[in-house]
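Peer 1: Below are the structure tokens for one structure; questions will follow.
The values are calculated or read from the model by the stated rules, or taken from the named source; none is laboratory data. Quick caveat: nothing in here was measured; it's all calculated off a predicted structure. Glycine also receives a Cβ, built like all others from the backbone with ideal geometry; neighbour counts cover every protein chain displayed.
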Amino acid sequence: MKNETASKAQPWLSKTPFQPRYEYLTARFKFLGVGKTQEFEYASFNGDVRIPWDTLPEMLKNLGENGWAISSHISISLGGMTLNGSGSGGYGVQQIVFCRPLETV
């Protein structure tokens, strides 16, 4: 009964005939140097540390071709470094969350 009340009060919560479901991929990476060449120093995808691509443009092209779209992006500055790479110590990390619709069977 509680769910029915919530759906009536907030129609955007109600079920619709088509309800897409999504899968997500989190990419976290650090650029080499200050990032001018957009080359990765390291990258991890859903926590698996590997570098399947050398640069950000390569990563975006390949993921886009496979149906992934950017859901969110955040820049994280750690240890006193600014996001443009200046400052002493620390490092700056980027995180992008991608999503794509799940295939329906």
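Peer 1: Could you list, in sequence order, the residues of region 21-58 that are more than 18 Å from Ile76 (Cβ to Cβ), in contact with a Pro (Cβ under 9 Å, 6 or more places away or on another chain) and hydrophobic (A, V, I, L, M, F, W, C)?
Peer 2: Scanning region 21-58 gives no hits.
Peer 1: Of the residues that make up region 43-60, is at least one among the β-branched types (Val, Ile, Thr) and within 12 Å of the chain's Cα centre (by Cα)?
Peer 2: No; the residues of region 43-60 include none that is among the β-branched types (Val, Ile, Thr) and within 12 Å of the chain's Cα centre (by Cα).
Peer 1: Are there any pairs, at least 6 apart or on different chains, whose C-beta atoms fall under 6 Å, with the first in region 16-28 and under 23 Å from Met59 (Cα atoms) and the second at pLDDT below 95 and hydroxyl-bearing (Ser, Thr, Tyr), and if so, which?
Peer 2: From region 16-28, the pairs are Arg28/Ser44.
Peer 1: How many residues are surrounded by fewer than 17 Cβ atoms within 10 Å (Cβ to Cβ) and either basic (Lys, Arg) or closer than 17 Å to Phe98 by Cβ (or both) when one looks only at region 45-63?
Peer 2: 11
Peer 1: Being at pLDDT below 90 and farther than 25 Å from Glu103 by Cα is the filter here, so list the residues in region 11-30 that pass it.
Peer 2: Pro11
Peer 1: For Ala69, only one of the following conditions fails: (1) at pLDDT below 95; (2) surrounded by 10 or more Cβ atoms within 10 Å (Cβ to Cβ). What is its number?
Peer 2: Ala69 satisfies all of (1) at pLDDT below 95; (2) surrounded by 10 or more Cβ atoms within 10 Å (Cβ to Cβ) except (1).
Peer 1: With respect to Lys8, determine if the residue is at pLDDT below 90 and more than 25 Å from Ile96 (Cβ to Cβ).
Peer 2: yes
Peer 1: Assess whether Leu60 counts as being of a type in the set (A, V, I, L, M), modelled with pLDDT of 95 or more and under 19 Å from Gly92 (Cβ atoms).
Peer 2: Yes.
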